[in-house]
Structure formats: structure tokens, C-alpha cells
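**Q** Let me begin by handing over the structure; questions about it come next.
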Amino acid sequence: MPAKIEFNEQEMGERYIAGESSCTLAIAYNVSETTIFNRLKKLGIPRRKSGPLPIYDEAKICEMYESGMEIQEIKDETGAKSVATFYAILHKHGVKLRLQRYKRDDPETHARIIELRNQELSHQKIADIIGINRNYVSQILNLNQEIHLERKRWQKSISVKRDMTIQEMHDAGAFIQEIAEIKQMTPVEIFDALKRK
């Protein structure tokens with residue numbers, strides 16, 4: 001049996017968050033799934049619920065989005081627990097994402113986004129509260145050239161610039177989810193871009 005290899009735990013955690021299964025990661029790093037779960041626990045990353053993944057009619061999802069429905073509406077209609085899968089489906093089929101139809105030019109919405117961000121809420125939480133697309137929240141908050149990423153107290157704060165490449169942001173210490181919000185892409189797209197390097 002090949003020897004176990006040392007691996008970057010943060011990278012492994014980001015890959016798991018981006019959607020890779022524990023089984024795939026165990027094979028990639030030549031360790032057991034138990035090791036993967038132990039490292040995820042150490043990183044504070046919750047384990048995904050087991051069981052068969054729901055199967056969606058991808059053509060129908062694309063059709064719903066292209067007809068004008070928002071991702072949140074599609075999620076609600078299908079009973080899904082997360083919108084991430086739908087972003088991945090749209091990306092896979094080359095469907096161009098659009099800005100939120102509602103509230104996108106409303107100054108009061110802009111002010112509310114900034115107010116909620118000052119309360120240290122995540123982009124996703126702000127989007128859920130206001131009822132808009134998370135990418136739009138990111139767009140409003142990232143108008144400044146330099147972005148300060150506030151982390152938990154025990155993690156260092158970092159600064160990245162919007163014109164940095166995905167790889168440069170990652171090298172500077174930004175997490176995949178953070179890069180996805182800045183670049184207005186899905187975590188899966190970011191991970192794929194880094195993997196191609």
C-alpha cells in the first residue's frame with residue numbers, strides 16, 4: 001500500500017466546501033475517510049448529511065432561470081436546501097447569470113446592505129434577509145478597489161485587490177468562498193480555475 005502523504009488541510013477543507021466528497025478526497029490524499037472527517041472537524045467544517053443526493057432536471061432548472069425566476073425562487077420551488085447546486089447546473093450548461101431583477105438600483109437597498117455588513121453578517125445572510133442574489137450583495141460591497149477580509153479573531157485579516165487573479169487572491173490567503181464572492185463566481189468555478197493552474 002502506498003505511503004500516506006502530508007497534505008494541506010486548508011486546501012482539503014476548501015475542496016470539501018466546494019462540493020467534493022469525503023471519498024474523493026480520501027482517494028486524492030491517500031488517506032481514509034475517517035482521517036478526512038477528523039481533519040474537517042479540526043477545521044470546524046461541519047460534515048454534510050449522508051444519503052443520496054437529490055436529482056434535478058437540469059434542463060428544467062435552466063428553463064426556469066431563463067424564464068426570469070431567481071435562484072432563490074427555484075430553490076424554494078424544488079424544496080432544495082441550498083442554492084449552490086443550481087449555480088453549478090447553470091454554469092455547466094453555459095447559462096449566463098444576471099443581476100437580481102428587483103431592488104438592484106434602489107439606494108435604500110444599497111444602504112441596508114452596507115448596514116448589515118457592518119453588523120458582520122455574511123454576504124449570504126445579507127442576501128437572505130433582503131431577498132436578493134448573493135452576487136449582487138458582493139457587487140455592492142466590492143465597489144472599493146481594496147477589499148479587507150475580516151476573519152474570526154484567531155485568524156489574520158487579509159487584503160486583496162479586485163484586479164488580482166484568482167490565483168493571486170488564493171496565494172494571498174483568501175479562501176475559495178471569499179474569492180467566489182469577490183469575483184462573483186461560484187466556489188466550484190473558483191476551485192476549477194485553481195485546479196487548472
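The values are calculated or read from the model by the stated rules, or taken from the named source; none is laboratory data. No experiment lies behind these values; they were computed from the predicted model shown. Backbone-built Cβ (ideal geometry, glycine too); neighbour counts: all protein chains shown. Keep in mind that these areas ignore ligands, DNA and RNA; they rest on the heavy atoms of the full protein, side chains included. Shrake-Rupley method; radii C 1.70, N 1.55, O 1.52, S 1.80 Å.
**Q** Testing the spin-label approximation: label points 7 Å from Cα along Cα→Cβ at Lys49 and Glu77. State their distance in nm.
**A** A separation of 2.3 nm, rounded to one decimal place.
**Q** Just to verify a number: what accessible area does His170 come out at with the full protein assembly present, 1.4 Å probe, Å² rounded to tens?
**A** Result for His170: roughly 50 Å² accessible.
**Q** Would you mind checking Lys60/Lys96; Lys42/Lys92; Lys161/Lys195; Lys75/Lys125; Lys49/Lys183; Lys41/Lys96 for any pair whose Cα atoms are more than 27 angstrom apart?
**A** Lys42/Lys92; Lys49/Lys183; Lys41/Lys96
**Q** Quick check: at a probe of 1.4 Å, how many percent of the accessible area of the range 7-55 sits on carbon and sulfur atoms?
**A** Whole-percent figure for carbon plus sulfur exposure: 56.
**Q** Might you work out the accessible area of Asp163 for me, using a 1.4 Å probe with all protein chains in place, and round it to the nearest 10 Å²?
**A** 110 Å²
**Q** I've got another one for you. Testing the spin-label approximation: label points 7 Å from Cα along Cα→Cβ at Lys92 and Arg196. State their distance in nm.
**A** For the pair Lys92/Arg196, the computed spacing is 1.8 nm.
**Q** Modelled label-to-label distance, Ala28 and Lys161, 7 Å Cα→beta-carbon offset: nm?
**A** 3.0 nm
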